[in-house]
Amino acid sequence: MTDGLLIQHANVITCERPNRILADHALLIKEGTIAEIGPSAELEARHPGVEVLDAHSQYAMPGQICAHTHFYGAFARGMAIPGDAPDSFPQILAKLWWPLDRSLRREDVYASAQVCLVDAIRNGTTTLIDHHASPNVIDGSLDEIARAVDESGLRAVLCYETSDRDGPQKAAAGIAENMRFLRHVQQPGADRERLGAMFGLHASLTLSDETLARCREAIETLSEEAGFHIHIAESRVDEEDSLQKSGMRIVNRLNQFGILGKNTLAAHCVHVDAQEIELLAQSGTWVSHQPRSNMNNAVGLPPVEALMDAGVKVCLGNDGFTNAQWEEWKAAYLGHKLAHGDPRWMSAGRIAEIAWWNNRALAEQLLPGSPLGVLQAGARADLILVDYHPFTALTAENLPWQIVFGFQEGMISTTIASGKMLMRDHQLVNMDEEKIAAHARELSAQVWERYRQQGRNA
């Protein structure tokens, strides 16, 4: 038997631009890349000894990409917040997220990443851009996440959330962890196609001028250009804080410190104004949209169409929600219509542009190498099989609407990354989901107790 894998009898959705759907085609995978795509009968005849996976007319698509997530947030699922429910975004931070991240220990960082990566495999998400915080475990925390990523077989871009909220020593430790990991990823021999790094910043409201200046100075010492990953204007309070601190709106303040740019990713941008949008566009800064999170936190929805019309590259993330990226498609499609009282807002075609082509371009920039997020010869072999049976015509033109109204993550039967089978016929291949979940339950109980103890001591 020769090396490689032949996936035959698939309906191949290439996600090229323009997109194509190739009926009864096969993909030959060799050494982690797609070597060939062609009619099933032709490829089967040319490669008689290769291992074969019969797709049985399932749709083959590129693995999905998540532009912004928080692995560590996994241990918040089902956790009760003591006292009255938070009534604003600052209270959500103060009563939920900041006590939670202070409750994490080294083993929790690794385990919370593991459960999110299992979820990603099940939901066909093969590339993730993470934003981590664990102020009592800063040094080496990104190595713990990288270990989990390596074991999973997926791709990820990591950073640590530098912030002044826990004092100057931990802000300095956050800078050091980002720089250490960036240098680690940039060293010769590193697997640059599977593991990337950015310089993490929390948000303007928890970053002083001094810390922003130190972050900019630090990143300029790298041998290769790198960018920042930061939350911008998720809440109005962030803008109000920036105006009080500096007399400037957030985007202007960050630009003054050289934080914006073509390698920088800004999450949310819910409350940016027209001048800030223009500055984001001029600087080439990427923006990620997380509709489920925005609605859950009641912060509003960003002006996505205005951002895109101005030339800003908007991508799609999940902010620590499940890695079911089609759920983000649906939330964006419905949420913007409701928010504006107008069914013309946020077409499925625009969401496809965000989730397919912009996410792909961002991922390829952060994880350089072969093409990513597309099914074509020479591209990285990250793909999923989707057991979808349309009862109306499915075409390249109407596929985004088929996804919004018909596709469900439970239809994903097989997930492949770098040519390796991670899930086959709904069964995980390389990760023991039951064991990972059981261990996470044990650890999360301890995290919750530390979280509650903070509340009692407050």
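Once region 158-211 is narrowed to residues that are among the charged types (D, E, K, R) and surrounded by 20 or more Cβ atoms within 10 Å (Cβ to Cβ), the residue that is modelled with the lowest pLDDT is ARG194. Taken as a whole, the structure leaves ALA190 outside the set of residues that are farther than 23 Å from GLY153 by Cα and out of contact with any Pro (no Cβ under 6 Å at 6 or more places or on another chain). Looking at region 396-418, is at least one residue among the hydroxyl-bearing types (Ser, Thr, Tyr), part of a loop (DSSP other than H, G, I, E, B) and closer than 29 Å to ALA148 by Cα? Among the residues of region 396-418, at least one is among the hydroxyl-bearing types (Ser, Thr, Tyr), part of a loop (DSSP other than H, G, I, E, B) and closer than 29 Å to ALA148 by Cα, which makes the answer yes. Of all residues in region 285-299, which are crowded, with 18+ Cβ neighbours inside 10 Å and over 11 Å from VAL251 (Cβ atoms)? Hits for region 285-299 are TRP286, SER288, HIS289, GLN290, PRO291, ARG292, SER293, ASN294, ASN297, VAL299.
Of the residues that make up region 393-407, is at least one within 18 Å of GLY124 (Cβ to Cβ), touching a helix residue (DSSP H, G or I) at 6+ places or on another chain (Cβ under 7 Å) and among the small types (Gly, Ala, Ser)? No, the conditions are met nowhere in region 393-407.
Taken together, GLY311, GLY320, GLY369, GLY373 contain a single residue that is in contact with a Cys (Cβ under 9 Å, 6 or more places away or on another chain), in a loop (DSSP other than H, G, I, E, B) and closer than 25 Å to GLU225 by Cα, which is GLY373.
Residue by residue, here is whether (1) under 30 Å from SER444 (Cα atoms); (2) out of contact with any helix residue (DSSP H, G or I) (no Cβ under 7 Å at 6 or more places or on another chain); (3) not aromatic (Phe, Trp, Tyr) holds:
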{"position": "LEU6", "(1), (2), (3)": "no, no, yes"}
{"position": "ARG17", "(1), (2), (3)": "no, no, yes"}
{"position": "LEU27", "(1), (2), (3)": "no, yes, yes"}
{"position": "ILE34", "(1), (2), (3)": "no, yes, yes"}
{"position": "LEU43", "(1), (2), (3)": "no, yes, yes"}
{"position": "LEU53", "(1), (2), (3)": "no, yes, yes"}
{"position": "MET61", "(1), (2), (3)": "no, yes, yes"}
{"position": "ALA67", "(1), (2), (3)": "yes, no, yes"}
{"position": "TRP97", "(1), (2), (3)": "yes, yes, no"}
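For GLU278, indicate whether it is free of Cβ contacts under 8 Å to residues at least 24 places away in the same chain, outside any loop (DSSP other than H, G, I, E, B) and more than 22 Å from the chain's Cα centre (by Cα). Answer is no for this residue. Checking the structure you have, find out if any residue of region 79-90 is open to solvent by 10 Å² or more (accessible area, probe 1.4 Å), among the hydroxyl-bearing types (Ser, Thr, Tyr), modelled with pLDDT under 95 and over 22 Å from the mean Cα position of the chain (by Cα). Yes - at least one qualifying residue is present in region 79-90.
Within the set GLU397, GLU364, GLU327, GLU409, the sole residue that is free of Cβ contacts under 8 Å to residues at least 24 places away in the same chain and surrounded by 17 or more Cβ atoms within 10 Å (Cβ to Cβ) turns out to be GLU364.
Out of region 261-284, which residues are of a type outside the set (Gly, Ala, Ser) and open to solvent by 20 Å² or more (accessible area, probe 1.4 Å)?
Let us first name the residues in region 261-284 that are of a type outside the set (Gly, Ala, Ser), namely 262-265, 268-273, 275-280, 282.
Within region 261-284, LYS262, ASN263, HIS271, ASP273, GLN275, GLU278, LEU279, GLN282 qualify.
When region 330-349 is filtered for residues that are among the hydrophobic types (A, V, I, L, M, F, W, C) and open to solvent by less than 40 Å² (accessible area, probe 1.4 Å), the ones remaining, listed by number, are ALA331, ALA332, MET346, ALA348. Among the residues of region 416-431, is any within 30 Å of THR264 (Cβ to Cβ) and surrounded by 18 or more Cβ atoms within 10 Å (Cβ to Cβ)? Checked region 416-431: at least one residue is within 30 Å of THR264 (Cβ to Cβ) and surrounded by 18 or more Cβ atoms within 10 Å (Cβ to Cβ). Residues in region 1-57 that are open to solvent by 50 Å² or more (accessible area, probe 1.4 Å), β-branched (Val, Ile, Thr) and touching an Asp or Glu at 6+ places or on another chain (Cβ under 9 Å): THR2, VAL52. The set of residues in region 135-158 that are in a loop (DSSP other than H, G, I, E, B) and in contact with a Phe, Trp or Tyr (Cβ under 6 Å, 6 or more places away or on another chain) is empty. Residues in region 215-261 that are among the hydrophobic types (A, V, I, L, M, F, W, C) and over 26 Å from LEU93 (Cα atoms): ALA218, ILE219, LEU222, ALA226.
Could you say which residue among GLU177, GLU239, GLU224 is part of a helix (DSSP H, G or I) and farther than 30 Å from GLU305 by Cβ? First the steps, then the outcome.
On the way: GLU239 fails: farther than 30 Å from GLU305 by Cβ; GLU224 fails: part of a helix (DSSP H, G or I).
Within the list GLU177, GLU239, GLU224, the selection yields GLU177.
Can you tell me which residue is most open to solvent (accessible area, probe 1.4 Å) among those in region 367-394 that are among the small types (Gly, Ala, Ser) and more than 21 Å from ALA23 (Cα to Cα)? Going through the qualifying residues, I end up with GLY369.
Please pick out the residue among ALA60, ALA74 that is of a type in the set (A, V, I, L, M, F, W, C), over 27 Å from CYS15 (Cα atoms) and in contact (Cβ under 8 Å) with a residue 40 or more places away in the chain. First the steps, then the outcome.
Details: ALA60 fails: over 27 Å from CYS15 (Cα atoms).
Being of a type in the set (A, V, I, L, M, F, W, C), over 27 Å from CYS15 (Cα atoms) and in contact (Cβ under 8 Å) with a residue 40 or more places away in the chain holds for just one of ALA60, ALA74, which is ALA74.
The values are calculated or read from the model by the stated rules, or taken from the named source; none is laboratory data. As the structure is a computational prediction, the values presented were derived from the model and not from experiment. Here Cβ is always computed from backbone atoms with ideal geometry, including for glycine, and neighbour counts include all displayed protein chains. What goes into the accessible areas is simple: the full protein's heavy atoms, side chains included, and nothing from ligands, DNA or RNA. Shrake-Rupley method; radii C 1.70, N 1.55, O 1.52, S 1.80 Å.
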